[in-house]
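Chemist: Sharing a structure with you now.
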Amino acid sequence: MAKLWGGRFTKETNKLVEEQTASISFDQTLANEDIQGSIAHVHMLMSTAIITEEEGNTIISGLETVQTKLEQGELTPSIENEDIHMNIEKFLIDEIGPVGGKLHTGRSRNDQVATDMHLYLQKHTNELIELVQATQQAIFNQASEHVDTILPGYTHLQRAQPISFAHHLLAYFWMLQRDKERFEDSLKRVSGSPLGSGALAGTTFPVNRGQVANELGFDYVYPNSMDAVSDRDFILEFMSAASIMMMHISRMAEEMVLWSSQEFQFIELDDSFCTGSSIMPQKKNPDVPELLRAKTGRVYGNLIGLLTVLKGLPLAYNKDMQEDKEGMFDTVDTLEHSLMMLAPMIDTMTVKTANMKQSVSEDYSNATDIADYLVTKGMPFRDAHEIIGKIVLHAIDNGKYLLDLKLEEYKDFSDLFEEDIYDVLAPEQVVANRHSYGGPRNNK
């Protein structure tokens, strides 16, 4: 099959080279964006009289027909036509004849593919922002139900201080808020239009790049044509934000795995988000959060892969940049599916409040509040810290918790202790007393 660019060549492309250089197996994902960008390009060619109204209308009608046939499975892209851009142009020429060859006037595949990816990421970034908001809502819903549910807070995976379950959950709400803001901010870079930059040096035709940008919903045009066709920063920025968000999702998934274990028994995941064992009939495995935890690695890998592809490229476009798409598509798919699973999994999980309360009643996580108690009575904090450390050791040696110690035992360490120490030590009071901004009682 003759190539649309084959005029300068005297030999057919080696089959192995054809397979290696073709991208149609994955870039057909961009078919709708490619046709969207082409229609806007044709509108501009018509308005600037580069092509006639009749020619433009014929081309647009043909593109719409090609899109419908692609969606209905009536057209099959071929590896011989390399990529989605050349396949669509070939389909168009087959549909409407030689006038279809005028579609490519004033543009190159270099600015065309960059435009397609901008359109793709603009669409999917906005969709991801909505999915993040839905996940935040699921977190907020659970938190609203558990403002008064107390559980141990941890540092180093050791019990540290009592907190509310709402406060713990809302930490992830705010992580996702930063993720959402990063995606929102990245749209500033996604919303630039490369179309009209040509292969690298613009075009001799009197194109109106601003008109195309406006029609496609972009905020501005790239001011430098070489930068426009070679820039993939907007993809890297998206992947970076995606990697940070997957790290947050992975942290929450890890806690779900821990919390649902027999050792913690803080939550139970809904059956619809778990699987069983082929040999052990009693098992209920938290496969979904485990997979969310694992998929973080592939998103990281996509970011590092593209950074490595781009790190030594001279200006402007190079074939290396064909490797920019699969990782982008995979990152989008991974994020979308992760968030679509995470929100309902949070919504449907059962919180075992009694187990949480029992855990916080059987530890020494209220020790800091005893130190604060002594400080309010005039003792320097460092001295109070040492005394409470000795009290905790005494309690451990005697198989007791701090609420179990008698007042006389406290007074052995300091005469500042009074009966009100037991009010201070109650887990509910420990949480209630933390009313500083950002704490469990001032950040619901």
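Any read-out appearing in this document is the output of simple, stated calculations on the displayed coordinates, not a laboratory observation. None of these values were measured; they are calculated from a predicted model. When we count neighbours, we look across all protein chains shown, and the Cβ atoms used for this are built from the backbone with ideal geometry, even at glycine.
Chemist: Compute the projected area of the convex hull of the Cα atoms of region 275-384, averaged over all viewing directions, and report it in nm² to one decimal place. Kindly include the intermediate steps, with their values, before the conclusion.
Modeler: Working: hull surface 61.9 nm².
Dividing the Cα hull surface by four gives the mean projection, 15.5 nm².
Chemist: Using θ = phi - 60° and the Karplus form 6.51 cos²θ - 1.76 cosθ + 1.60, what ³J(HN,Hα) does each residue of region 24-40 get, whole Hz, x for Gly and Pro?
Modeler: 5, 4, 10, 7, 5, 4, 8, 4, 5, 5, 5, 5, 4, x, 5, 5, 4
Chemist: For region 229-311, max minus min Cα coordinate along each principal axis, in Å, sorted largest first?
Modeler: Cα extents, longest axis first: 56, 26, 19 Å.
Chemist: Which of these, Ser144, Ser278, Ser260, has the largest mean-square fluctuation under a Gaussian network model of the chain (Cα springs below 10 Å)?
Modeler: Ser278
Chemist: Over all pairs of distinct alpha carbons, what does the Kirkwood formula give as the hydrodynamic radius of region 334-432, in Å? Before the final figure, lay out each step's value.
Modeler: Details: mean 1/r = 0.0637 Å⁻¹.
Taking every pair of different Cα atoms in region 334-432, averaging 1/r and inverting gives 15.7 Å.
Chemist: Rank Phe413, Val332, Val132 by how far each Cα sits towards the positive end of the charge dipole of the chain (+1 on Lys, Arg Cβ; -1 on Asp, Glu Cβ) and give me just the farthest.
Modeler: Val332
Chemist: Output the direction-averaged projected area (hull surface divided by four) of the convex hull of the alpha-carbon atoms of region 367-425, in nm².
Modeler: On the way: hull surface 13.5 nm².
Averaging across all directions leaves 3.4 nm² for the Cα convex hull.
Chemist: Next question. Between the DSSP loop rule and a limit of at most 13 other Cβ atoms within 10 Å, which GluC sites (Glu not before Pro) in region 26-89 are left? Before the final figure, lay out each step's value.
Modeler: Numbers: sites: Glu33, Glu53, Glu54, Glu55, Glu64, Glu71, Glu74, Glu80, Glu82, Glu89; in loops: Glu74, Glu82.
Taking region 26-89 and a limit of 13 other Cβ atoms within 10 Å, the loop GluC sites (Glu not before Pro) found are Glu74.
Chemist: Mean residue ellipticity at 222 nm from the helices of the chain, using -39,500 (n - 2.57) per DSSP H segment of n ≥ 4 over the full residue count, to the nearest 500 deg cm²/dmol? Walk me through the numbers on the way to the answer.
Modeler: On the way: 18 runs with 264 residues, N = 444.
Calculated at 222 nm, the ellipticity per residue is -19500 deg cm²/dmol.
Chemist: Please find, in a Gaussian network model of the chain (springs between Cα atoms separated by less than 10 Å), the residue of Thr48, Thr353, Thr334 whose mean-square fluctuation is greatest.
Modeler: Of Thr48, Thr353, Thr334, the most mobile in the Gaussian network model is Thr48.
Chemist: Now a separate question. Where in region 250-340 are there trypsin sites (Lys or Arg not before Pro) that are in a DSSP coil and have at most 12 other Cβ atoms within 10 angstrom of their Cβ?
Modeler: On the way: sites: Arg251, Lys283, Lys284, Arg293, Lys295, Arg298, Lys311, Lys319, Lys325; in loops: Lys283, Lys284, Lys311.
Here the sparse-neighbourhood loop sites are Lys283, Lys311.
Chemist: Need one number: convex hull volume per residue for region 110-358, Cα atoms only, in Å³.
Modeler: Working: hull volume 35.7 nm³, N = 249.
Considering the Cα atoms of region 110-358, their hull volume per residue is 143 Å³.
Chemist: Rounded, prolate or oblate: which fits region 101-151, taking a ≥ b ≥ c as square roots of the Cα gyration tensor eigenvalues, rounded meaning a/c under 1.5, else prolate when a/b beats b/c?
Modeler: prolate
Chemist: Right, next: Treating only the Cβ atoms of Lys and Arg (+1) and Asp and Glu (-1) as charged, compute the dipole magnitude of the chain about its Cα centre; round to the nearest 20 debye.
Modeler: Details: 38 positive and 67 negative charges, 168 e Å.
The dipole magnitude comes to about 800 debye.
Chemist: So what's the convex hull volume per residue for the Cα atoms of the chain, in Å³? Working shown, then result.
Modeler: Working: hull volume 91.2 nm³, N = 444.
In the chain, the Cα hull volume divided by residue count equals 205 Å³.
Chemist: In addition: What's log10 of I(q)/I(0) for region 6-105 at q = 0.12, 0.16, 0.22 Å⁻¹, Debye sum over Cα points only, no solvent?
Modeler: Taken in order of the listed q values, log10 I(q)/I(0) reads -0.42, -0.71, -1.12.
Chemist: If you scale each eigenvalue of the Cα gyration tensor by 5 and take the root, what three semi-axes come out for region 59-177, rounded to whole angstrom and sorted largest first?
Modeler: Details: eigenvalues 596, 43, 29 Å².
Ellipsoid semi-axes (Å, largest first): 55, 15, 12.
Chemist: Between exposed chymotrypsin sites (Phe, Trp or Tyr not before Pro) in the chain, where DSSP calls loop and at most 13 other Cβ atoms lie within 10 Å, what's the longest gap?
Modeler: Details: sites that count: Trp5, Phe9, Tyr437.
In short, 10-436.
Chemist: Are there any GluC sites (Glu not before Pro) in region 237-267 that are in a DSSP loop and have at most 11 other Cβ atoms within 10 Å? List them by number.
Modeler: Working: sites: Glu237, Glu254, Glu255, Glu263; in loops: Glu263.
Here the sparse-neighbourhood loop sites are Glu263.
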